[in-house]
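Worksheet for the structure shown next.
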Amino acid sequence: MAALPLATAEVCDANPHLIMNGELRALQPIFQIYGRRQVFAGPIVTLKVYEDNVLIREFLEEKGQGRVLVVDGGGSMRCAILGGNPVQQAQNNGWAGIVVNGCIRDVDEINGCDIGVRALNSHPMKANKKGMGEKHVPVTIAGTRICDGEWLYADTDGILVSRTELTV
């Protein structure tokens, strides 16, 4: 199910009609790039949490099948909701990438993993473990509404979300 990574600039240039009708959206450029895989793509799984990482860990324990986990962490800069161990598990379970609207920690460990990770920043404090959050719900991150089952394309130029799988 893993998508072939596409250059985001080429995708935008080749699909102005999809941009105009809203089927192809670019996230605002607010994310830092982590992980060894700078270019990644795949079908999206959404999760909404706030300063809690239990549901993130549960998702990443599943087989990823080339999917991308998009986590709306509410933009919190008070703690990290993703660390090195779950990222390593995600890499081993075949996830293509993780996009976090929040902070991560264990940056050196994450940068050693063959997976794409985008996050707002890093923070040394760990998250709560209450298991609160919502799975498979629409989230709004970086000015863009993102739904479960849409497709994400990320590279060093930015992040695109499409209603359908794209080819160039």
Put +1 on the Cβ of each Lys and Arg and -1 on the Cβ of each Asp and Glu in region 43-168; which of Met132, Thr144, Asn111 then has its Cα farthest toward the positive end of the dipole?
-> Met132
Amide H of Lys126: which non-local residues (sequence gap of 5 or more, or other chain) have their own amide H closer than 5 Å, using H built in the peptide plane?
-> Ala80
Spacing of the two label points (7 Å from each Cα toward its C-beta) at Asn128 and Met20, in nm = 4.7 nm
Mind telling me which of Ile81, Ile56, Ile30 comes out most flexible in a GNM of the chain, alpha-carbon contacts under 10 Å?
-> Ile30
Charge dipole magnitude, Cβ of K and R +1, D and E -1 - region 93-159, Cα centre, debye nearest 20 = 440 debye
Using the Kirkwood radius over Cα pairs of region 24-150, the Stokes-Einstein translational diffusion coefficient at 4 °C and 1.567 mPa s, in µm²/s and rounded to a whole number, is 93 µm²/s
Estimated [θ] at 222 nm from DSSP helical runs (n ≥ 4, -39500 (n - 2.57)) normalised by residues in the chain, nearest 500 = -5000 deg cm²/dmol
For region 73-154, percent of DSSP beta bridges that are antiparallel (nearest 5) comes out at 25 percent
Rounded to whole Hz, the Karplus (6.51, -1.76, 1.60) HN-Hα couplings of region 136-143, x for glycine and proline | 6, 10, x, 10, 10, 10, 6, x
Using a Gaussian network model of the chain with C-alpha springs under 10 Å, which one of Gly73, Gly42, Gly94 is most mobile by mean-square fluctuation?
-> Gly94
Could you look at the chain and say what percent of its accessible area is carbon and sulfur, using a 1.4 Å probe and all protein chains?
-> 48 percent
What residue among Met132, Met77, Met20 has the largest mean-square fluctuation in a Gaussian network model of the chain, using Cα springs under 10 Å?
-> Met20
Please work out the average accessible area per residue across region 13-168, using the 1.4 Å probe convention, and give it in Å².
-> 45 Å²
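The values are calculated or read from the model by the stated rules, or taken from the named source; none is laboratory data. Please read all numbers here as calculations on a predicted model, not as lab measurements. FYI the Cβ positions are ideal-geometry reconstructions off the backbone, even for glycines, and counts take in every protein chain you see. These area figures cover heavy atoms from the full protein model, side chains too; ligands, DNA and RNA do not enter into them. Shrake-Rupley method; radii C 1.70, N 1.55, O 1.52, S 1.80 Å.
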